[in-house]
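Here is the structure we will look at.
The values are calculated or read from the model by the stated rules, or taken from the named source; none is laboratory data. All values reported here derive from a predicted model rather than from experimental measurement. Every residue, glycine as well, gets a Cβ built from its backbone with ideal geometry; the counts of neighbours run over all protein chains shown.
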């Protein structure tokens, strides 16, 4: 895959690594209750978090024989040591631009590609819809995010790190959040669903995070009351611009992937749509049957591939061209959305990436914006369209929401369902009006 010095590709690039902490475990049961609590205690563990109806928990123990002891009884269906993975791996630093006003909108070719302005003109703005961003830190003082961010219900599943912290000056979660719902406030950029409400759920720090944290984040976003925040409403849409390539033969791998799928399916049972990045390996996943691409492969959510133009700054309008790095394949991709690219030989190549909010180095309120490319940028675009559709149809069921999102996608590539576009390229205007 060809890259440039400032290209930033986010998503599934690195195989899951080693055990995060020897004392951390993910356990699954039909449901979680007193029997499971007692079994954990007897085996010498303490519960970090548990979810009754989902039957999932993260447990910590100093005993090297904890898992063997816990699994000796009948309390659990399966369990595994938690695994730390580099869920996002940047190739280099993103290209930043100077502060300005919403005059940056002409640089947002992704909004043109989605036909978002036509959707907004009908009054379809995402109002009344909550989108959870499961990612790294969200800079809550960013002037384009603060109007739409529910800070009271934003949380972190990374020990010792609040939801509004991260490392460096980019902050992947901040960029993703802006694509979904940067506010329509007269400056900076605008999100696909500019009146949707954002919930920050930090599951990564500097791109790294455990399966237990990601699973906990999914369950929190779909059922905050189970985590003691009954005053917080659940999300309508969860976006996961993250991923890891996981060998199916890895020790404990099957159990962790099963637990992740269980969490995604629980979210679906609550009426929550889960949208995930397809990953940035640039491969047809059908050629890698011994690997799992998670969370794109997990449960009943939607996986999104990425497109991007060449030479947008010079007049290029091939916005729906398959991006050079995007994963694809029947059985993985459900739809495509704009994620950007960086293959042009011209010095204006970075304009082919996606412009959104970032942490930057300015003091609050921040007015920092960056270009970046990846399926990590495509997934929130599709999640934003789902939020528009939900706002136009408040009582729509999850099944109908998914069906309509895919039915109103534009058929690109070979006629009908195909390996790269899935059901098609998501279309905001059609989603709001058909």
Report task. Please tell me if residue 429 is outside any helix (DSSP H, G or I), in the same structural domain as residue 191 (by TED's automatic domain parsing) and touching a helix residue (DSSP H, G or I) at 6+ places or on another chain (Cβ under 9 Å). Result -> no
Requested in this report: Answer with yes or no whether residue 119 is assigned to a helix (DSSP H, G or I) and touching a helix residue (DSSP H, G or I) at 6+ places or on another chain (Cβ under 8 Å).
Outcome: yes
**Report entry** Conditions (1) in contact with a helix residue (DSSP H, G or I) (Cβ under 7 Å, 6 or more places away or on another chain); (2) not in a loop (DSSP other than H, G, I, E, B): number failed by residue 330
**Finding:** (2)
Requested in this report: Residues being touching a strand residue (DSSP E or B) at 6+ places or on another chain (Cβ under 7 Å) and not in a loop (DSSP other than H, G, I, E, B): count how many of those fall in region 243-267.
Outcome: 15
Requested in this report: Determine if region 222-232 includes at least one residue that is touching a helix residue (DSSP H, G or I) at 6+ places or on another chain (Cβ under 8 Å) and either modelled with pLDDT under 95 or buried (at least 24 other Cβ atoms within 10 Å of the Cβ) (or both).
Outcome: yes
Report task. Go through the residues of region 377-395 one by one and say whether even a single one is in contact with a strand residue (DSSP E or B) (Cβ under 8 Å, 6 or more places away or on another chain) and farther than 29 Å from residue 268 by Cα. Result -> no
Report summary line: Counting only residues that are more than 23 Å from residue 178 (Cβ to Cβ), touching a strand residue (DSSP E or B) at 6+ places or on another chain (Cβ under 7 Å), in contact (Cβ under 8 Å) with a residue 60 or more places away in the chain and surrounded by fewer than 24 Cβ atoms within 10 Å (Cβ to Cβ), region 306-341 contains a total of 2
Query raised in the report: Does region 286-299 contain at least one residue that is in contact (Cβ under 8 Å) with a residue 60 or more places away in the chain, assigned to a loop (DSSP other than H, G, I, E, B), touching a strand residue (DSSP E or B) at 6+ places or on another chain (Cβ under 9 Å) and within 22 Å of residue 328 (Cα to Cα)?
Result: yes
Requested in this report: Just name the residue that is nearest to residue 88 (Cα to Cα) out of those in region 267-285 that are in contact with a helix residue (DSSP H, G or I) (Cβ under 7 Å, 6 or more places away or on another chain) and surrounded by fewer than 22 Cβ atoms within 10 Å (Cβ to Cβ).
Outcome: 268
**Report entry** The lone exception for residue 299 - which of (1) surrounded by fewer than 20 Cβ atoms within 10 Å (Cβ to Cβ); (2) in contact with a helix residue (DSSP H, G or I) (Cβ under 6 Å, 6 or more places away or on another chain); (3) on the phi > 0 side of the Ramachandran plot it fails
**Finding:** (1)
Query raised in the report: in a loop (DSSP other than H, G, I, E, B), under 23 Å from residue 337 (Cβ atoms) and modelled with pLDDT under 95, is that true of residue 90?
Result: yes
Query raised in the report: Is there a residue being farther than 16 Å from residue 88 by Cα, surrounded by fewer than 23 Cβ atoms within 10 Å (Cβ to Cβ), in the same structural domain as residue 178 (by TED's automatic domain parsing) and at pLDDT 95 or above anywhere in region 237-250?
Result: no
Report task. Filter region 349-377 for residues that are under 16 Å from the mean Cα position of the chain (by Cα) and farther than 16 Å from residue 190 by Cα and give the result. Result -> 373, 374, 375, 376
**Report entry** Conditions (1) under 15 Å from residue 149 (Cβ atoms); (2) in contact with a helix residue (DSSP H, G or I) (Cβ under 8 Å, 6 or more places away or on another chain); (3) surrounded by fewer than 24 Cβ atoms within 10 Å (Cβ to Cβ): number failed by residue 199
**Finding:** (3)
Report task. Look through 362, 344, 356 and report the one residue that is surrounded by fewer than 24 Cβ atoms within 10 Å (Cβ to Cβ) and either in contact (Cβ under 8 Å) with a residue 40 or more places away in the chain or not in a loop (DSSP other than H, G, I, E, B) (or both). Result -> 362
Report task. Can you work out which of the residues in region 56-71 that are in contact (Cβ under 8 Å) with a residue 24 or more places away in the chain and part of a loop (DSSP other than H, G, I, E, B) is nearest to residue 34 (Cα to Cα)? Result -> 62
